[in-house]
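Contents: one structure, followed by commentary.
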Amino acid sequence: METLLTSIGIVALAEIGDKTQLLAILLAARFRQPLPIIAGIFAATILNHALAAAAGFYVAQFLSGQGFRIAVGVAFIAMAAWTLVPDKADDLKQRSGGGVFITTLVSFFFVEIGDKTQIATSLLAARFHDILLVATGATIGMMLANVPAVLFGEAVTKIAPLRYIRIAAAIVFAALGVWVLIEALRA
């Protein structure tokens with residue numbers, strides 16, 4: 001249960017104010033069809049985060065030991081710093097054609113590659129050694145962050161200032177990184 005809940009929480013926090021969440025808001029404003037947008041986000045997230053979790057899991061199988069655990073801890077701390085850097089809507093490239101679902105699916109899949117939440121998913125799978133629970137948790141976390149963005153658009157950002165949410169997410173990443181480092185140094 002720890003693996004699932006940690007994955008949900010970390011990915012949901014990391015997604016707040018992220019470029020894919022901004023993409024969700026842009027797609028909602030452009031198409032005004034929430035159901036195919038949500039379905040496209042869900043499909044892209046399952047595929048993307050399953051691949052990320054598998055990559056993290058298999059890399060962890062080949063690279064083990066104290067040095068690798070220290071590297072994972074340091075990577076979580078680096079994610080904390082990266083979380084504090086806001087994404088900009090100008091960085092997004094909207095794709096067109098193929099309907100709302102396909103546009104969302106393709107856009108989300110490619111925008112998510114190398115994104116904070118994808119890297120966090122890989123790190124979580126390396127940490128917890130579980131592809132299914134990490135990918136499931138990451139998908140739930142992404143949906144928890146993005147469904148309200150699709151349904152409520154820009155109003156969401158007025159409720160909770162993104163700056164404070166980014167700081168909270170950075171604290172969670174840093175705490176997880178310190179925890180992993182302490183465990184690695186004890187071994």
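The values are calculated or read from the model by the stated rules, or taken from the named source; none is laboratory data. Bear in mind the structure is a predicted one, so any value in this text is a computation, not a measurement. Ideal geometry is used to build each Cβ from the backbone, glycine not excepted, and the neighbour counts take in all protein chains shown. Areas reflect the complete protein model, heavy atoms only, side chains present, ligands, DNA and RNA absent. Shrake-Rupley method; radii C 1.70, N 1.55, O 1.52, S 1.80 Å.
Values computed for the structure shown
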read-out: Inter-site label distance for residue 71 and residue 178 at 7 Å from Cα along Cβ, in nm; value: 2.5
read-out: Contour minus Cα-Cα distance for residue 171 and residue 46 (0.36 nm per residue); value: 42.4 nm
read-out: Carbon and sulfur %, accessible surface of region 1-79 computed with the full protein complex present, 1.4 Å; value: 74
read-out: Added length on full extension, which subtracts the Cα-Cα distance from 0.36 nm per residue, residue 151 to residue 58; value: 29.9 nm
read-out: Net length gained if the chain between residue 2 and residue 81 were fully extended (0.36 nm per residue, minus Cα distance); value: 26.0 nm
